[in-house]
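Take a look at the structure below.
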């Protein structure tokens, strides 16, 4: 009577299983085995549904109605027209269209000393030390989005920064989708040597009105005393399904600051897994999520403190208009050796729309005693007193709301260190508010 | 034999590369005497008070401390308290949810029990607290609140003196009791301390400024510098320091 | 407030691994045959002389139970429960139900006396002996005592009857007030609610029934003491409390069990119904045997407690002090159905040794202008695991719902775990939810300060922990608060050093 009944396979699951019959063959025996294992895991477990705790609020079985064919290469002229995000930030830009690097749109020349940037496909063909790191950050726990990415992604960007190299100019990987509805998979690898420093940005965008699917995964290997700033902007077209996975392995005395901005896609799931296995690192994961219409966005975080003296900070801000749904699941785990851990997580949501919904699940799992950990979660409408105050000074309602929302998300955006990128984010938030008003 | 005898005390911060803070400090305190220890910041004054009270973070590497001939350094923190060591903290700790009244009674009875004495009866205790609290301007409301929780700086210091008055220590160590006090609060606290001067009790008053010593007039003044007492004298030494500052000692350091 | 010395003496008076309530009373008892099938259900129903509808209700539950899997989502780990090796009914042997206190087996009376629970009204008239210090008044408390599967005595029945209050074993209420039982039983916790509640519905043997009529403020605290005595016996009590419009009742519950090497199952269901303007305050001190320090023995406590704020402006408040049981699986909840209804949950959960606690609450906001408050204090020591699991939700129509949640965990020692798993779901923009949680250890500075004033490490820890849980202790009626405070210190025995 306790037997788990496997639910019927959905059309999407069946379609994906079909795609999984033809796995990419590049990268050598280890990578091929990884792909096969991931494909088998998907065939065994399928898409997650609400009874799978990590996907409780994002029932992919229901939300992903169909599997799309894997995208074919995009036309670079179209791509160039579509790639608008973060263009004036002075960053070195690499364009990935429909999951494949577009060399003619990418700035791969005159790399700073110690910096290697190449298409993942090239790196896979060459093999070598960098590719030896690919797939090493997977958690061992089944995650459907990541499994599909591991099995099907054949390209993306591979970056390595040599020990001690400080790369001043940010690198921006612009993911663009173009063309008819299809599914694109990209896998990126970013490896920072000891004491290296990098600012890395990812952006995602695509056409309105096309129900395309994007599945992206990026692995970050951050060695001792390295410093990584990550900025992500996701503004996929309104009918898109966007799944992304960010995996971090953090050495000792690392400074890591990650920020995600999400306002696109019909359905978004962003999973962050961070393994802190070096002492005395300071990491922060922050985000601003602005949704309208019937958008659904899920940010799920898993910060795993495995050793002593690390500090982690999370601050997520949701602004939910109309009938949108925001999901924040954040879990801080402090393992027994991780004494002196200092972990704080905060999720705040502003519900602007009458039918908006926010689901918060901040979680602490603590096995070490000498710790100071905490989390907080709030949700509610804009403070009426504040609104009244602004309106009494003659500011119209929408504008007053805009000002307050801007201040609200501003607190999270503030955490981005790079001035140009931060300004670009502020501008994106303003654009969202303007479109609303 | 002095009541409190600190002899050639060396101590460092616990741990392998812990910094040495006390470097051969000696001091004798007899019953009835009030000793002031003055010195620039970082000279080790607060460390001395913590070591006498038995805080874990320090390691004594050399020297001895005895209280009435008994080895103080061998004793647990609470055992020292029961033997009569009282530390008035520079920054009194908050203990939320534990009413000051409950705390005082628990402490008093724990000490009495360790000394093999009878516990105090409830009416006697209430009478005692009421009497001592009134003199220090401590309201009944404060006594009902959590220990030091929501107390102002001045209230915290007064509460420390109240605890001292009730626990009746043999040797009281007042660590920067004047810090954060305005002149009125300083007067109240000083009067409280003066009322507790007695021929049976020794006191060590640690302070950076001479100001406190106008109110609590010491019998001896010591200048502490780099973990040792570098000069001792009568109360006039404090005035000299007030006039000249610690510059002379800091130059030594350079 | 009593001084900490009392608690510490209590600690001293027992050795490690000594559970004060761990004695066994040697009385003859009557049991149902071992195991569970439809005949067991029929046996229990027949023993209770139940009407046909209730037998059918039970059988329906039993059939549903057979198709249900045991829930696995909680953070507790335990060996399979041998449902067919348990006895589902055990009653002290008596000719008929006791007509008066004097007919009760003196051994049982002695048991309750040992537990400090006065059953004899002449004792009870004097009130529960207060162990508190100055200021704790003597209150009168009506007691229903449940021994294994049956209620053995209920005090103050007559006086309560004068006020119109019904307070009796539920088995008796089935006979005397069938219309009330039929109307409300299973109306808050449906038969098929969850695995353990469904099992309870099939085999519940006794428990308390309370009905407070319209506008009545119950003249005294009502209390039930549960005692598991028999070996290999599950206890499945069922409590149903109905507060009719504008009424008020405060209800206390206490639990103990003998020390045994094997685990014993306790799967109770408590249903509360508050009609318009009514208020129910439900307090529990749960001290079932926790097992020894190696995790051998102890009660498996799988309890479903739920209150339904059915009427407008009704209020239900849960306060719990959980120190016992090997496994605690318990989420006293409030369904805030009526407009402007209020729910509260105040909890202290202490785990030591190898105990596993997974406890919390659900506040389901359905009505307009509903509000809820959750204060949870978890203390983990030894090698225990202590999880707070909670849900706060506002449904589409719950305009202006308000919740404030505060969950604090304290760790004592580096072999234990403290976990916080809150679910906060808002489907209404005007709802305002605030949640905060912290986990920390006892501050070294606080310990040093207390010890500098003369307290030894154990005294200092007890004092600080009592301070940590004070906000919740204050919610308990005086007598219970004193008992709970002592229990906290006893539970932490051996955790320091």
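The values are calculated or read from the model by the stated rules, or taken from the named source; none is laboratory data. Just so we're clear, the structure is a prediction, and the values are computed from it rather than from any experiment. As a convention, Cβ positions derive from the backbone with ideal geometry for all residues, glycine included, and neighbour counts pool all protein chains shown.
Assorted remarks:
- Any hit, the stretch A:126-137, residues being under 23 Å from residue A:268 (Cβ atoms) and assigned to a loop (DSSP other than H, G, I, E, B): yes
- Inside the stretch B:14-41, residues that are in contact with a strand residue (DSSP E or B) (Cβ under 9 Å, 6 or more places away or on another chain) and modelled with pLDDT under 90 make up a count of 6.
- Residue among C:312, C:244 that is in contact with a strand residue (DSSP E or B) (Cβ under 8 Å, 6 or more places away or on another chain), more than 23 Å from residue C:201 (Cα to Cα) and at pLDDT 95 or above: C:244
- Any hit, the stretch B:91-101, residues being buried (at least 17 other Cβ atoms within 10 Å of the Cβ), more than 7 Å from every other protein chain (Cβ to nearest Cβ) and farther than 23 Å from residue C:467 by Cβ: no
- So residue B:75, is it within 10 Å of chain C (Cβ to nearest Cβ) and on the phi < 0 side of the Ramachandran plot: no
- Within the stretch B:38-60, restricting attention to residues that are away from chain C (no Cβ under 14 Å) and farther than 15 Å from residue B:24 by Cα, the residue that is surrounded by the fewest Cβ atoms within 10 Å (Cβ to Cβ) is B:41.
- Residue tally, condition surrounded by 24 or more Cβ atoms within 10 Å (Cβ to Cβ) and more than 22 Å from residue A:413 (Cβ to Cβ), over the stretch A:270-287: 2
- Yes/no for residue C:432 being over 29 Å from the mean Cα position of the chain (by Cα) and more than 14 Å from chain B (Cβ to nearest Cβ): yes
- Evaluation of residue B:118 against (1) closer than 28 Å to residue C:468 by Cα; (2) more than 10 Å from chain C (Cβ to nearest Cβ); (3) not in a helix (DSSP H, G or I) (one fails), failing number: (1)
- Exactly one residue out of A:290, A:301 is more than 12 Å from the chain's Cα centre (by Cα), crowded, with 24+ Cβ neighbours inside 10 Å and part of a strand (DSSP E or B): that is A:290.
- When C:379, C:299, C:350, C:375 are checked against the criterion of being assigned to a strand (DSSP E or B), modelled with pLDDT of 95 or more and either over 19 Å from residue C:420 (Cβ atoms) or in contact with a strand residue (DSSP E or B) (Cβ under 9 Å, 6 or more places away or on another chain) (or both), C:375 stands alone in meeting it.
- Annotation: residue A:433 fulfils all but one of (1) under 21 Å from residue C:393 (Cβ atoms); (2) more than 10 Å from every other protein chain (Cβ to nearest Cβ); the unmet one is (1).
- Counting only helices (runs of 4 or more DSSP H) that sit completely within the stretch B:202-254, those holding 3 or more residues that are over 27 Å from residue B:188 (Cα atoms) correspond to B:247-253.
- Residue within the stretch C:26-48 that is under 30 Å from residue C:390 (Cβ atoms), surrounded by fewer than 17 Cβ atoms within 10 Å (Cβ to Cβ) and either within 14 Å of another protein chain (Cβ to nearest Cβ) or at pLDDT below 90 (or both) present: no
- Number of the exception - residue C:425 against (1) facing chain A (nearest Cβ under 9 Å); (2) assigned to a loop (DSSP other than H, G, I, E, B): (2)
Yes or no, residue by residue, for (1) within 23 Å of residue A:281 (Cα to Cα); (2) surrounded by 23 or more Cβ atoms within 10 Å (Cβ to Cβ); (3) touching a strand residue (DSSP E or B) at 6+ places or on another chain (Cβ under 9 Å):
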| residue | (1), (2), (3) |
| --- | --- |
| A:158 | no, yes, yes |
| A:166 | yes, no, yes |
| A:176 | no, yes, yes |
| A:186 | no, yes, yes |
| A:199 | yes, yes, yes |
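- Among the residues examined, residue C:372 qualifies as over 30 Å from residue C:354 (Cβ atoms), within 21 Å of the chain's Cα centre (by Cα) and crowded, with 24+ Cβ neighbours inside 10 Å.
- Single residue of the stretch A:353-373 satisfying the filter (facing another protein chain (nearest Cβ under 7 Å) and not in a strand (DSSP E or B)) that is nearest to the chain's Cα centre (by Cα): A:356
- Residue match in the stretch B:61-70 (condition: within 12 Å of chain C (Cβ to nearest Cβ) and either under 25 Å from residue B:141 (Cα atoms) or out of contact with any strand residue (DSSP E or B) (no Cβ under 8 Å at 6 or more places or on another chain) (or both)): no
- Filter result (facing another protein chain (nearest Cβ under 7 Å) and more than 23 Å from residue A:302 (Cβ to Cβ)) within the stretch A:374-412: A:380, A:381
- Criterion applied to B:234, B:192, B:227 was being at positive phi and either surrounded by 15 or more Cβ atoms within 10 Å (Cβ to Cβ) or at pLDDT 85 or above (or both), and the one residue passing it is B:227.
- Taking the stretch C:164-239 as the region of interest, the helices (runs of 4 or more DSSP H) fully inside it that hold 2 or more residues being touching a strand residue (DSSP E or B) at 6+ places or on another chain (Cβ under 7 Å) and under 16 Å from residue C:304 (Cβ atoms) are C:195-203.
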